[in-house]
Amino acid sequence: MKLKRLTRLALLTAIALTIFLVELQIPSPVPIPGVKLGLSNIVTLYCVFAYGPWSALAVLICRVLLGALCSGRIMALAYSLAGGLLSWALSCGMRRIVTEKQLWIVSILGGLAHNTGQMLAAAAIAGTRALWVYYPVLCLTGMAAGAFTGLCAQYLLARMRKIGRV
């Protein structure tokens, strides 16, 4: 049983990493630096609700570390970890409050938490609070991306439960 779970988590990590790397190759539809859909977060959110917080954390950390190494974007590691961990913590807390049919709400709030974590990391690294001027733009795009990825994760979870794969 443990081996089966470990294998599924490894596959989910590989899927999330692949999505992350493919998304890096697609030009952003909006000319705002740092704005992207974050499609690999679908996998993390799915893991929080299907496998639990600690399994989701393992998938998240592996994806972020491997993503930074495979893409050569080591400097982005601090931003991704800060945003990802804050979003993960919020998702874990919301897991007890919302139903699986409200996953999209968790994802919108997770998108906001992710952007907050990234801004905290950026302000700490740059040593200035001036970067917070950019925060409202990130919040709007984060909410839109969160809604989309949340609906995708919600559909994925419902489909996997229906076919008995969770």
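Here are the numbers:
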{"item": "Volume per residue that the Cα convex hull of the chain spans, once the total is divided by residue count, Å³", "result": "111"}
{"item": "Only Lys, Arg (+1) and Asp, Glu (-1) charged, at Cβ; the chain dipole about Cα centre in debye", "result": "680"}
{"item": "Per-residue ³J(HN,Hα) for the stretch 23-29, Karplus 6.51 cos²θ - 1.76 cosθ + 1.60, θ = phi - 60°, Hz, x for Gly and Pro", "result": "5, 5, 7, 8, x, 5, x"}
{"item": "Förster radius 22 Å - calculated FRET efficiency between Cys139 and Leu21, Cβ distance, rounded to 0.05", "result": "0.25"}
{"item": "Kirkwood Rh, Cα atoms: Rg over Rh of the stretch 54-99", "result": "1.07"}
{"item": "Sulfur and carbon atoms: percent of accessible area, the chain [1.4 Å]", "result": "71"}
{"item": "Computed [θ] at 222 nm, helices only, for the chain once each DSSP H run of length n ≥ 4 contributes -39500 (n - 2.57)", "result": "-26000 deg cm²/dmol"}
{"item": "Overall dimensions of the stretch 97-166 by Cα: Rg and Dmax, Å", "result": "15.6, 50"}
{"item": "Per residue, in Å², the accessible surface of the chain once ligands and nucleic acids are set aside, probe 1.4 Å", "result": "57"}
{"item": "3J(HN,Hα) from dihedral phi, the stretch 81-92, Karplus parametrisation 6.51/-1.76/1.60, rounded to Hz, x for glycine, proline", "result": "5, 4, x, x, 5, 5, 5, 4, 4, 5, 4, 5"}
{"item": "Karplus-derived 3J(HN,Hα), 6.51/-1.76/1.60, for each residue of the stretch 32-45, Hz, glycine and proline x", "result": "10, x, x, 8, 8, 5, x, 4, 5, 5, 4, 5, 5, 5"}
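The values are calculated or read from the model by the stated rules, or taken from the named source; none is laboratory data. These numbers come from a predicted model, not from an experiment. Note that we place each Cβ from the backbone using ideal geometry, even for glycine, and neighbour counts take in every protein chain shown. Calculation scope for accessible area: heavy atoms of the full protein, side chains included, ligands and nucleic acids excluded. Shrake-Rupley method; radii C 1.70, N 1.55, O 1.52, S 1.80 Å.
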